[in-house]
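Q: The structure that follows is given in the form of structure tokens.
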Amino acid sequence: MNIKNTCSLLARWGKTYKSLAGAMLLAVSAQGLLSSCDDFLTIKPQNEIVLENFWTEEADVNSVLFSCYAKLASTDCMKRMIVWGESRSDNMVVGTGATDDLIQIFKENILETNAYTNWQSFYEAINRCNTVLHYAPEVNAIDPNFTDAELRATVAEVTMLRSLCYFYLIRTFRDVPYITEPSLDDTQNYQVPATPFDEVLDKLIADMEAVKDDAVRSYGEDSPENKYRITRWACYALLADLYLWKGEWQQCIDYCDLIINEKIAEHEKGYSENPTVWPVFLFDGYPLISETGASSNYAGEAYDRIFGDGGSFESIFELYCNTTSGTQKAGGENNAVSDFYGSSQQRNGQIGAASFIYDGVFDGGNNKYFVKTDNRYLEYMFSSNNKAYISKYVYRSISFNTTTTTGAAPRVDASVRSSADANWIIYRLTDVMLMRAEAEIEMAGDVEAGATLTDEQQQHYRNAFGTILAVWKRANNKRTSTSDLLRFDDYGNSRTNMENLLLEERQRELLFEGKRWFDLVRFSRRENDNTRLVQKVTPKFQENASVIRIKLATQDALYWPYNREELKQNPYLVQNPAYETDNTEQNF
């Protein structure tokens, strides 16, 4: 591939859409879905488009390929990544100035008319991917500059993006229409039944296994595209996640190890070339960015690089967001973060942090999530008017003294973003590490109450604990010392204890990154039991907790209802039983 700098590629989007208009009209359904596209897209009237004149060269393929990224990075998609993956969990509560749709979600009063039951933006992204997959082979046949290797890499890249979209959809709605052909004209029928969750999951795994080794390993040393575009390592991360949901533990571990070993090699190279300024250190063998640097008492280094700057050493794949002068968008503005979490204009976003996650760390309370030395507590949240709000992604940089372990919280010096340019992270190294730990725990199998663990089971638990401990140590500035706050003997006597430790560390590390509800759903599916999810989620409800407990008791309730308009347009869709009422219209 003739790979250019990511920023220049992204900046091209706004300049190429006049010639890209035909592709965009093909890349969405015939029902006028382009009305919700970002405002930097310029679409020609349909009568000015000559299809045969568009799909003729590699540049045409790349233009539509980049539009797939643009759609995923759109406000509509990213807001749903947050709401679907996080809002119903124990992490979040309603914030300041929330819309009624958000308020109802936080009350667990989700109706088929709620705007967040609308999946249109994800199917637009899927259709763009399908369009590339349909036309790219034809371009390969007529453009000698678009080589077979480049075609395979493009197919891998777009297949990963499409699979990621479907993965979001099945985790949210369970059974969804699975479509792999683009909408090219009005003769195609997209009124199809929903495909069951497990069948879609198997299709995604098969698709990814078929293309993973064709994906680009690197777009060039130190290229930002290695973080902002799909690489082989991003494919491995998605596969590890898919296998985790399927319950095939060794496959999950194998793909995690490929990523971890690559990061270890990258760390060794970086340290050998720049030992005095290299920010990565080994935490029990895992290379992670240190919070405090080599010899500082001030934390914030890891936060600044991962969430402030973006595209860090630990990043595997993130959606690029940026703003340029004037109205032109480069990677698109991250209005999801600025609206939901806050901005320099309004630090208090529409979504807040659950008070029991924030309260009681430094004021003598009983916070079971964070200890005083955990930097993530001060980096991810702040308090205003006796409410806890989210600062992750909102802060561009942060610094505070880590020597305060008694008394009041240390003074936090933080700068808030002046523009909505926070990248949105899909996969990063600690997420992969914790996937691996979860698979190790589950590999130990069922252990009867009171039974003695076998040596093999103990080893799986120790492997998992060591990985979890490495993540915890980085956050608590324990690079060289052992931990007296997180001890194996407190957890390693049962699978339930180990699973709860894993869930707690994923919650602390990945707080507000659109992961928590999906984590709880995954465990509930695995156990065919919602008890653990209900126990963790209901404490955030100050009213009607008993009603919520009953409502969330069934497996159906873990998923969202189909939107009413989708039910009208597709008679083959049958509403989720958890949301059927006397007023539900099934036959329109």
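The values are calculated or read from the model by the stated rules, or taken from the named source; none is laboratory data. Please read all numbers here as calculations on a predicted model, not as lab measurements. Neighbour counts run over all protein chains shown; Cβ positions are idealised from the backbone, glycine included. Just so you know, the surface numbers come from the protein's heavy atoms only, side chains and all, with ligands and any DNA or RNA stripped out. Shrake-Rupley method; radii C 1.70, N 1.55, O 1.52, S 1.80 Å.
Q: Given region 383-461, what strands (runs of 3 or more DSSP E) lie entirely inside it while holding 1 or more residues that are at positive phi and either open to solvent by less than 50 Å² (accessible area, probe 1.4 Å) or among the aliphatic types (A, V, I, L, M) (or both)? Steps first, answer last, please.
A: On the way: elements: 387-390, 395-401, 413-416, 424-428.
Where strands (runs of 3 or more DSSP E) fall fully within region 383-461, none carries at least 1 residues being at positive phi and either open to solvent by less than 50 Å² (accessible area, probe 1.4 Å) or among the aliphatic types (A, V, I, L, M) (or both).
Q: Select from region 371-382 the residues that are more than 18 Å from S290 (Cβ to Cβ), of a type outside the set (D, E, K, R) and modelled with pLDDT under 95 and write down the one among them that is most open to solvent (accessible area, probe 1.4 Å). Walk me through how you get there before you give the answer.
A: Initial filter on region 371-382 (more than 18 Å from S290 (Cβ to Cβ)): 371-372, 381-382.
Those left that are additionally of a type outside the set (D, E, K, R): 371, 381-382.
From what's left, modelled with pLDDT under 95: 371, 382.
Values: V371: 54, F382: 23 Å².
Looking at the filtered set, the residue picked out is V371.
Q: Residue by residue through region 285-305, note down the ones that are open to solvent by 10 Å² or more (accessible area, probe 1.4 Å) and closer than 17 Å to W233 by Cβ. Show your work before the answer.
A: Our first condition is that a residue be open to solvent by 10 Å² or more (accessible area, probe 1.4 Å); within region 285-305, this holds for 285-286, 292-298, 301, 304-305.
Scanning region 285-305 gives a single hit, Y286.
Q: Another one. When you check L282 against the structure, is it surrounded by 21 or more Cβ atoms within 10 Å (Cβ to Cβ) and either of a type in the set (D, E) or modelled with pLDDT of 95 or more (or both), yes or no? Give the derivation first.
A: Working: surrounded by 21 or more Cβ atoms within 10 Å (Cβ to Cβ): no; either of a type in the set (D, E) or modelled with pLDDT of 95 or more (or both): yes.
Answer is no for this residue.
Q: Kindly indicate the residue of region 82-110 that is acidic (D, E) and either out of contact with any Phe, Trp or Tyr (no Cβ under 6 Å at 6 or more places or on another chain) or open to solvent by 10 Å² or more (accessible area, probe 1.4 Å) (or both) and also farthest from N348 (Cα to Cα) among those meeting that condition. Give the derivation first.
A: So in region 82-110, the residues acidic (D, E) come out as 86, 90, 100-101, 108.
Keeping just the survivors that are either out of contact with any Phe, Trp or Tyr (no Cβ under 6 Å at 6 or more places or on another chain) or open to solvent by 10 Å² or more (accessible area, probe 1.4 Å) (or both) gives 90, 100-101, 108.
On the way: D90: 19, D100: 17, D101: 18, E108: 22 Å.
Across region 82-110, the extreme among qualifying residues is E108.
Q: Looking at region 222-252, which of its residues are polar (S, T, N, Q) and under 23 Å from Q457 (Cβ atoms)?
A: Q250, Q251
Okay, residues lined up against (1) at pLDDT 95 or above; (2) open to solvent by less than 20 Å² (accessible area, probe 1.4 Å); (3) touching a Gly at 6+ places or on another chain (Cβ under 8 Å):
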| residue | (1), (2), (3) |
| --- | --- |
| G310 | yes, yes, no |
| E314 | yes, yes, no |
| N322 | no, no, yes |
| Q345 | no, no, no |
| N366 | no, no, yes |
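Q: Kindly list the number of the only condition in (1) in a helix (DSSP H, G or I); (2) under 30 Å from I105 (Cβ atoms); (3) in contact (Cβ under 8 Å) with a residue 24 or more places away in the chain that fails for T538.
A: T538 satisfies all of (1) in a helix (DSSP H, G or I); (2) under 30 Å from I105 (Cβ atoms); (3) in contact (Cβ under 8 Å) with a residue 24 or more places away in the chain except (3).
Q: Would you mind finding the one in R549, R522, R526, R506 that is of a type outside the set (S, T, N, Q), open to solvent by 60 Å² or more (accessible area, probe 1.4 Å), in a helix (DSSP H, G or I) and in contact (Cβ under 8 Å) with a residue 60 or more places away in the chain?
A: Working: R549 fails: in contact (Cβ under 8 Å) with a residue 60 or more places away in the chain; R522 fails: open to solvent by 60 Å² or more (accessible area, probe 1.4 Å); R506 fails: open to solvent by 60 Å² or more (accessible area, probe 1.4 Å).
Selected residue: R526, the only one of R549, R522, R526, R506 that is of a type outside the set (S, T, N, Q), open to solvent by 60 Å² or more (accessible area, probe 1.4 Å), in a helix (DSSP H, G or I) and in contact (Cβ under 8 Å) with a residue 60 or more places away in the chain.
Q: Here is a further query. Kindly evaluate I205 against the criterion of being modelled with pLDDT of 95 or more and outside any helix (DSSP H, G or I).
A: Values: modelled with pLDDT of 95 or more: yes; outside any helix (DSSP H, G or I): no.
Criteria not met by I205.
Q: Another question, if that's okay. Can you name the number of the only condition in (1) over 19 Å from N463 (Cα atoms); (2) within 16 Å of the chain's Cα centre (by Cα); (3) open to solvent by less than 30 Å² (accessible area, probe 1.4 Å) that L204 fails?
A: (2)
Q: Just one of the numbered conditions (1) under 24 Å from K515 (Cα atoms); (2) in contact (Cβ under 8 Å) with a residue 40 or more places away in the chain is not true of H267; which one?
A: Failed condition: (1).
Q: Additional query: Can you confirm whether F541 is surrounded by 17 or more Cβ atoms within 10 Å (Cβ to Cβ) and either over 28 Å from the mean Cα position of the chain (by Cα) or at pLDDT 95 or above (or both)?
A: Values: surrounded by 17 or more Cβ atoms within 10 Å (Cβ to Cβ): yes; either over 28 Å from the mean Cα position of the chain (by Cα) or at pLDDT 95 or above (or both): no.
Considered against the rule, which asks whether it is surrounded by 17 or more Cβ atoms within 10 Å (Cβ to Cβ) and either over 28 Å from the mean Cα position of the chain (by Cα) or at pLDDT 95 or above (or both), F541 comes out as no.
Q: Please verify whether region 380-389 includes one or more residues that are closer than 20 Å to S296 by Cα and in contact (Cβ under 8 Å) with a residue 12 or more places away in the chain. Reasoning before the result, please.
A: From region 380-389, those closer than 20 Å to S296 by Cα are none; that's our starting set.
No, the conditions are met nowhere in region 380-389.
Q: Another question, then. Within region 256-266, identify whether any single residue is open to solvent by less than 20 Å² (accessible area, probe 1.4 Å), more than 28 Å from S415 (Cα to Cα), in contact with a Phe, Trp or Tyr (Cβ under 6 Å, 6 or more places away or on another chain) and at pLDDT 95 or above, and answer yes or no. I'd like the intermediate steps shown before the answer.
A: So in region 256-266, the residues open to solvent by less than 20 Å² (accessible area, probe 1.4 Å) come out as 256, 259-260, 263.
In the following step, the residues that additionally are more than 28 Å from S415 (Cα to Cα) were identified as 256, 259-260, 263.
Narrowing further to those that are in contact with a Phe, Trp or Tyr (Cβ under 6 Å, 6 or more places away or on another chain): 259.
Filter once more, so that each one left must be at pLDDT 95 or above: 259.
Checked against the condition, which is being open to solvent by less than 20 Å² (accessible area, probe 1.4 Å), more than 28 Å from S415 (Cα to Cα), in contact with a Phe, Trp or Tyr (Cβ under 6 Å, 6 or more places away or on another chain) and at pLDDT 95 or above, region 256-266 yields at least one hit.
Q: Still on this structure: Please go through region 553-566 and pick out each residue that is surrounded by 21 or more Cβ atoms within 10 Å (Cβ to Cβ) and touching an Asp or Glu at 6+ places or on another chain (Cβ under 8 Å).
A: P561, Y562, N563 - these are the residues of region 553-566 that are surrounded by 21 or more Cβ atoms within 10 Å (Cβ to Cβ) and touching an Asp or Glu at 6+ places or on another chain (Cβ under 8 Å).
Q: Given the conditions (1) open to solvent by 20 Å² or more (accessible area, probe 1.4 Å); (2) under 26 Å from A240 (Cβ atoms); (3) in contact with a helix residue (DSSP H, G or I) (Cβ under 9 Å, 6 or more places away or on another chain); (4) not acidic (D, E), which single one is not true for L485?
A: Unmet for L485, out of (1) open to solvent by 20 Å² or more (accessible area, probe 1.4 Å); (2) under 26 Å from A240 (Cβ atoms); (3) in contact with a helix residue (DSSP H, G or I) (Cβ under 9 Å, 6 or more places away or on another chain); (4) not acidic (D, E): (2).
Q: Using the structure shown, decide if N500 is open to solvent by 10 Å² or more (accessible area, probe 1.4 Å), within 24 Å of the chain's Cα centre (by Cα) and of a type in the set (S, T, N, Q). First the steps, then the outcome.
A: Numbers: open to solvent by 10 Å² or more (accessible area, probe 1.4 Å): yes; within 24 Å of the chain's Cα centre (by Cα): yes; of a type in the set (S, T, N, Q): yes.
Criteria met by N500.
Q: Still on this model: Identify, from the list E181, E199, E221, the residue that is open to solvent by 40 Å² or more (accessible area, probe 1.4 Å), outside any helix (DSSP H, G or I), of a type in the set (D, E) and under 21 Å from Y572 (Cβ atoms).
A: Values: E199 fails: outside any helix (DSSP H, G or I); E221 fails: under 21 Å from Y572 (Cβ atoms).
The conditions single out E181.
Q: Hey, among the residues in region 477-499 that are touching a Lys or Arg at 6+ places or on another chain (Cβ under 9 Å) and in contact (Cβ under 8 Å) with a residue 40 or more places away in the chain, which one's nearest to E314 (Cα to Cα)?
A: If we take residues in region 477-499 being touching a Lys or Arg at 6+ places or on another chain (Cβ under 9 Å) and in contact (Cβ under 8 Å) with a residue 40 or more places away in the chain, then R479 is nearest to E314 (Cα to Cα).
Q: Name the one entry in T154, T159, T131, T113 that is in a loop (DSSP other than H, G, I, E, B), among the β-branched types (V, I, T) and either in contact (Cβ under 8 Å) with a residue 40 or more places away in the chain or open to solvent by less than 10 Å² (accessible area, probe 1.4 Å) (or both). Steps first, answer last, please.
A: Details: T154 fails: in a loop (DSSP other than H, G, I, E, B); T159 fails: in a loop (DSSP other than H, G, I, E, B); T131 fails: in a loop (DSSP other than H, G, I, E, B).
Criteria check complete, one pass: T113.
Per-residue answers, yes or no, for (1) more than 25 Å from E379 (Cβ to Cβ); (2) over 17 Å from the mean Cα position of the chain (by Cα); (3) assigned to a loop (DSSP other than H, G, I, E, B):
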{"residue": "C235", "(1), (2), (3)": "yes, no, no"}
{"residue": "L238", "(1), (2), (3)": "yes, no, no"}
{"residue": "I260", "(1), (2), (3)": "no, yes, no"}
{"residue": "D304", "(1), (2), (3)": "no, yes, no"}
{"residue": "G311", "(1), (2), (3)": "no, no, yes"}
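Q: Report, by residue number, each residue of region 138-151 that is more than 30 Å from the chain's Cα centre (by Cα) and either free of Cβ contacts under 8 Å to residues at least 24 places away in the same chain or part of a helix (DSSP H, G or I) (or both).
A: Applying the first criterion (more than 30 Å from the chain's Cα centre (by Cα)) to region 138-151 yields 138-148.
Hits for region 138-151 are E138, V139, N140, A141, I142, P144, T147, D148.
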